[in-house]
Amino acid sequence: MSLSDVDMRDAFFDSVYDLAAKDPNLIVLTADHGAFSLERFKKDFPRQYFNVGISEQNMVSLAAGLALGAKRVFIYSIVNFVTLRCLEQISVDLGSMKLPVTIVGVGAGFTYSSDGPTHHGIQDVSVMASIPNLNILNCSDAWNSHAFAAMAYERGGPSYVRIEKGKFPSLYGKDSNFDAGLTVLKRGKDAMVVTSGYLVHASMEAARQLAEEGIDIGVVDLYRIKPLNVNLLASNLREARALLTVEDNVAAGGIGSMVATALMEEEISLPLQRMSLGDRYCYKYGNREWVYAENGLDVPAIKRAAVDLIAKRLQLREERCHVRLVDLDLVISLTFDKVDR
């Protein structure tokens, strides 16, 4: 099996298809949203596929009822519509009940860049991270997209999977294992980048270009956003000289905040900079690459942020050395003063 030239959505639903072929209790609900591979699913498993129409809140409650009847349910729509629109139903019907329902949202970040702020998936990580008992998985290529369907199914509790649409270069292969929740794709001696989803590719390209300029930055793909594998994250960042987090989410409650909190609790102190959307919507329209660039989340922006962070680290180190020298001079001065007396 090769997924190198497969749309990320199709990789996910092809895996759901394989699961449904073995389990007649697996049900897919969609809120009038499709994908190429879902057409095959609908044709071959008509009793396991239901289009509920544009009624996401009802879809969540229907999924909860099916799950209480021993079904394993996948619900699918655009990111904002399947999370923000039905947050109360997700919290009460799925989170509090710990039901085996997988929420599948397509359109993370600026996937639907030309459709405006109603379709930009820039708040879902923060909002969904607040739901107890809910796992969050963020796909970065077709391989982990394919694997996440089985991981969510086998978990047996509520999960949220963020999916891009389109084809992306492979970061992984058929033998990759994603149980750890994160992968260090590249190690770097000057700084490390922690990122997720679409921006993993931009971060890897930034690292490649900086390497040509003699700057060595590493990249961590944080594909399981919740729960964080704090021990593994800390062990890989404990010796880092500086850390840059990169995400296509608002700053409040996003990856940067989660990582910073985890490192603080592990008593790891290092220069840290967060790249995100801050506290704003995007009202510009264009293709995905252009919108990311306009919001300071493209390859050149990541390169600039990494270089600035490394420069600040070096400046901080020089200032600390100066303070130590001043302290040493003061100690020597006081010592000689005592001797003179």
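What lysines does Lys284 reach when the alpha-carbon gap must be under 22 Å and sequence neighbours fewer than 8 apart in one chain are set aside?
Within reach: Lys165.
First select every other residue whose beta carbon is under 13 angstrom from the beta carbon of Gln123; then total the charges, Lys and Arg +1, Asp and Glu -1.
Working: positive: Arg85, Arg162, Arg280; negative: Asp124, Glu247, Asp248, Asp279.
Local net charge: -1.
Could you rank the peptides 67-78, 131-142 by their average count of other C-beta atoms within 10 Å per residue, with the highest value first?
Those peptides, ordered most packed to least, come out 131-142, 67-78.
Lysine pairs in region 1-106 8 or more apart or on different chains: how many have alpha carbons under 18 angstrom apart?
Values: Lys22/Lys42; Lys22/Lys43; Lys22/Lys71; Lys42/Lys71; Lys71/Lys98.
Lysine pair count for region 1-106: 5.
Helix-derived [θ] at 222 nm for the chain: sum -39500 (n - 2.57) over DSSP H runs of at least 4, divide by residue count, nearest 500?
Numbers: 11 runs with 145 residues, N = 341.
Calculated at 222 nm, the ellipticity per residue is -13500 deg cm²/dmol.
Which FRET efficiency value, to the nearest 0.05, do you get for Ala70 and Asp115 by plugging their Cβ-Cβ distance into 1/(1 + (r/R0)^6) with R0 = 25 Å?
On the way: r = 38 Å, r/R0 = 1.51.
The computed FRET efficiency comes out at 0.10.
Using only Cα atoms and rounding to the nearest 10 degrees, what angle (0 to 90) does helix 8-22 make with the longest principal axis of the chain?
Roughly 50 degrees, rounded to the nearest 10.
Between Lys167 and Lys189, 0.36 nm times their residue separation minus their Cα-Cα distance comes to what?
4.8 nm
With a/c under 1.5 counting as rounded, go ahead and sort region 61-176 into rounded, prolate or oblate using the C-alpha gyration tensor (a ≥ b ≥ c being the square roots of the eigenvalues; past the cut-off, prolate if a/b is larger than b/c, else oblate).
oblate
May I ask you to list the aspartates and glutamates whose Cα is less than 20 Å away from that of Lys226, ignoring any residue fewer than eight positions away on the same chain?
By straight Cα distance, Lys226 reaches Glu88, Asp93, Asp124, Asp141, Glu154, Glu164, Asp179, Glu247, Asp248, Glu265, Glu266.
For the chain, what is the accessible area per residue in Å² when the probe is 1.4 Å?
Computed with neighbouring chains in place, this is 45 Å² per residue.
Quick check on region 215-277: take the gyration tensor over C-alpha atoms, sort the square-rooted eigenvalues as a ≥ b ≥ c, and tell me if it's rounded (a/c under 1.5), prolate or oblate.
Cα axes put region 215-277 in the rounded bin.
Roughly how many debye, to the nearest 20, is the charge dipole of the chain about its Cα centre, given +1 on each Lys and Arg Cβ, -1 on each Asp and Glu Cβ, and no other charges?
The calculation lands at about 420 debye.
Can you give the angle from 0 to 90° between the axis of helix 142-155 and the longest principal axis of the chain, with both taken from C-alpha atoms, to the nearest 10?
So the inclination is approximately 70 degrees.
Find the relative contact order for the chain and round it to a whole percent, using C-alpha pairs within less than 8 Å whose residues are 6+ positions apart. Let's see the in-between values first.
Values: 649 pairs, mean separation 53.8, N = 341.
Relative contact order, the chain: 16 percent.
With the Cα gyration tensor of region 158-239 giving a ≥ b ≥ c as the square roots of its eigenvalues, does the rule (a/c under 1.5 for rounded; else a/b larger than b/c for prolate; else oblate) give rounded, prolate or oblate?
Working: a/c = 2.08, a/b = 1.26, b/c = 1.65.
Since a/c reaches 1.5 but b/c is at least a/b, the shape of region 158-239 is classed as oblate.
Give me the percent of the accessible area of the chain that comes from carbon and sulfur atoms, probe 1.4 Å, all protein chains in place. If you can, show how the numbers build up before the last one.
Working: 8130 of 15500 Å².
It is 52 percent, rounded to a whole number.
Please work out the C-alpha center-to-center distance from region 201-241 to region 9-81 and express it in whole Å.
After rounding, the separation between the Cα centres reads 34 Å.
Could you check which residue among Val28, Val184, Val79 shows the biggest mean-square fluctuation in a GNM of the chain with a 10 Å Cα cutoff?
Val184
Please give the helix 299-340 orientation as an angle from the longest Cα principal axis of the chain, in degrees from 0 to 90, rounded to the nearest 10.
30
The values are calculated or read from the model by the stated rules, or taken from the named source; none is laboratory data. None of the values given here were measured: they were computed from a predicted structure. Glycine gets a Cβ as well: all are built from the backbone with ideal geometry, and neighbour counts include every protein chain shown. Protein only, heavy atoms only, side chains kept; ligands, DNA and RNA dropped before computing areas. Shrake-Rupley method; radii C 1.70, N 1.55, O 1.52, S 1.80 Å.
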